[in-house]
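Could you have a look at this structure, given as C-alpha cells, before my questions?
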Amino acid sequence: MSIVKSFSVGNGDMYYIKHDSDNFTIIDCCMPEEREEAIIKELKKQLNVKKVSRFISTHPDDDHIKGIECLFKKINILNFYAVNNKTKKKEDTDDFKKYKSLIGYNKICYLEKNLKRCWLNKKNEKRDGSGINILWPDTNNRDYKDALKKAAKGDSPNNISPIIQYSEVKGVNIIWMGDLETNFIDKILDYNKLVNDISKKSILFAPHHGRNSGKILNSWIDKIKPKLIIIGEAPSKDLNYYDGFNTIKQNTAGDILLDCTEDRVRIYVGNNKYHENFLKKEGCVESNNFGLYYLRTL
C-alpha cells in the first residue's frame, strides 16, 4: 500500500508519495505561510518511518519552489532531483537562491528520460526501488534544448518540466507533467512513442494546474485514456475541465489523498461536501489521520 497526497495550496503544486517500499518522495514545494507549519508537521510524521527521502523539482517557478528554503532547513532530505538547467529570474528570491544552490548540490541527480538510479527505480539487497520512472525529457531533443535556452535567457521555464511516472507492478499508475504547455506537449508526445509510456489507465495530474494553456489535446488524451484527471487550482476562468473524462477538481475538493492498493484507490478530500458520482462507494473509514474525508473509490 502507498499514499499519494496533493496539497491544496492555491495556485501552486506540492505532492508527496509515501511508498510501499522504504522510500519517501516530495514533488515540488509551494507552502503558503498560513499552511507552512502544518505541512512540515505532516511531512515529518509521514517521513519518520522511511529511510530514503528525495525531493523532485519540476521547474523553478515560484509556485513550485515557494518555501523550499524552509523545507530543506526543517526536513532531512537526502537526495535532490531536477533537470540540468540555468534558469534566470528577474528577481532572485530566497527560495530561488536555494534552488540554484541545490542545482550545484553534491547529491544532485539530473532528471532525464530512462534515468536509472538505486532506490529510485532500482533495488538492491538493502531495499526496493520507489517505482518512479522519468519519461521525459530526452536531453537530445531539439525542442527541449530550445526550452532550456529560453529559460536561461529569463523566459518561462514551464517547458523544461519533466514527465514523472509513479507505478506499482499490480497497482496504480500516476503521471505528473509539471507546467508543460499545450504546444510543447503536442510536439513531444509522439517523440519515441512517449504517449505509449503514459497510456496505462493512468491517474493524470493535469499539466499547468489544469489551465487551458497546458491542455492535452483531444487527439492525445483519447489515446492516453486516463482513468482519472486531477485538475489543479488555477483561476476558474483559465481552467479546462476535460469534458467527457472522470475528473476531480482540487479548487473545490481541497487536499486530495490517494490510498493505493493493488486493485483500488481510495480517495480522500478536504471538503466533506465534495462529491463525484463516477467513483464507487465503499464501506470504509470516513476520515483519515489528517482530517480528510472519504470521497469514494476508483
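For the range 1-130, compute Rh as the Kirkwood radius over C-alpha pairs and then the Stokes-Einstein diffusion coefficient at 25 °C and 0.890 mPa s; write the answer in µm²/s, rounded to an integer.
Values: Rh = 15.2 Å.
Here the translational diffusion coefficient equals 162 µm²/s.
Now for a different question. Inverting the mean 1/r over all pairs of different Cα atoms, compute the Kirkwood radius of the range 127-202 and quote it in Å.
Working: mean 1/r = 0.0746 Å⁻¹.
Across the range 127-202, the inverse of the average 1/r is 13.4 Å.
What list of ³J(HN,Hα) couplings, whole Hz, do you get for the range 172-189 from phi and the Karplus terms 6.51, -1.76, 1.60, once you set θ to phi - 60° and write x for glycine and proline?
Values per residue, Gly and Pro as x: 6, 9, 10, 10, 10, 10, x, 10, 3, 9, 3, 4, 5, 4, 4, 5, 9, 5 Hz.
Starting from the Kirkwood radius over alpha-carbon pairs of the range 227-298, derive D by Stokes-Einstein at 20 °C in a medium of 1.002 mPa s and give it in µm² s⁻¹.
Values: Rh = 12.8 Å.
Answer, rounded: 168 µm²/s.
Pull up the DSSP beta bridges for the range 141-298 and report the antiparallel fraction as a percent, rounded to 5.
So the antiparallel bridges amount to about 65 percent of the total.
Another question about this same structure. Taking N as the number of residues in the range 134-286, what is its Cα Rg relative to 2.2 N^0.38 Å? Before the final figure, lay out the partial values.
Numbers: Rg = 16.3 Å, N = 153, 2.2 N^0.38 = 14.9 Å.
Normalised Cα radius of gyration, the range 134-286: 1.09.
Could you report the range 1-106's accessible area per residue, 1.4 Å probe, as an integer in Å²? Each step should come with its number before you reach the end.
Values: 4610 Å² over 106 residues.
For the range 1-106, the solvent-accessible area averages 44 Å² per residue.
Ok, one more. In a solvent-free Debye calculation with one equal scatterer on each Cα, what is log10 I(q)/I(0) for the range 1-77 at q = 0.27 Å⁻¹, listed in the order of the q values?
With one equal scatterer per Cα and no solvent, log10 I(q)/I(0) is -1.45.
Among all the aspartates and glutamates, which ones have a C-alpha under 18 Å from Lys116's C-alpha, if same-chain residues fewer than 8 places away are not counted?
Asp22, Glu125, Asp128, Asp138, Glu168, Asp197
Continuing with the same structure: Connecting C-alpha atoms closer than 10 Å in a GNM of the chain, tell me which of Arg142, Arg127, Arg117 has the biggest fluctuation.
So, out of Arg142, Arg127, Arg117, the one fluctuating most is Arg142.
Expressed in nm to one decimal, what extension gain is obtained for the pair Leu217 and Met1 from 0.36 nm per residue of sequence separation less their Cα-Cα distance? Let's see the in-between values first.
Values: separation 216, 0.36 × 216 = 77.76 nm, distance 3.28 nm.
Net length gain for the segment: 74.5 nm.
Further question: Write down the radius of gyration of the chain and its Dmax, each obtained from C-alpha positions, in Å.
18.0, 54
Skip the ligands, DNA and RNA, and give the accessible area per residue of the range 170-225 with a 1.4 Å probe, whole Å².
Values: 2340 Å² over 56 residues.
Value for the range 170-225: 42 Å² per residue.
Please list the non-local residues whose amide H lies under 5 Å from the amide H of Leu239, H modeled 1.01 Å from N, same-chain partners needing a gap of 5 or more.
Amide H neighbours of Leu239: Asn212.
Leaving out ligands, DNA and RNA, what percent of the accessible area of the chain is carbon and sulfur, probe 1.4 Å? Working shown, then result.
Values: 6040 of 13780 Å².
Solvent-exposed carbon and sulfur of the chain make up 44 percent of the total.
Can you check what the Kirkwood hydrodynamic radius comes to for the range 54-192, Cα pairs only, in Å to one decimal? Each step should come with its number before you reach the end.
Working: mean 1/r = 0.0630 Å⁻¹.
Final number for the Kirkwood radius of the range 54-192 is 15.9 Å.
Using DSSP to call loops (not H, G, I, E or B), can you name the trypsin sites (Lys or Arg not before Pro) in the range 149-223 whose Cβ has at most 10 other Cβ atoms within 10 angstrom?
On the way: sites: Lys149, Lys150, Lys153, Lys170, Lys187, Lys193, Lys200, Lys201, Arg211, Lys215, Lys223; in loops: Lys153, Lys170, Lys200, Lys201, Lys215.
Listed in order of number, the matching sites are Lys153, Lys170.
Which longest run of the chain has no exposed loop site in it, a site being GluC sites (Glu not before Pro) in a DSSP loop with at most 16 other beta carbons within 10 Å, and the site itself not part of the run?
Details: sites that count: Glu33, Glu34, Glu91, Glu112, Glu125, Glu262, Glu276, Glu282, Glu286.
Longest site-free region, per DSSP loop and neighbour criteria: 126-261.
The values are calculated or read from the model by the stated rules, or taken from the named source; none is laboratory data. Keep in mind that this is a model prediction, so the values were computed, not measured. Every residue, glycine among them, receives a Cβ derived from its backbone with ideal geometry; neighbour counts consider all protein chains shown. Each accessible area value is taken on the protein alone, full model and side chains, heavy atoms only, with ligands, DNA and RNA left out. Shrake-Rupley method; radii C 1.70, N 1.55, O 1.52, S 1.80 Å.
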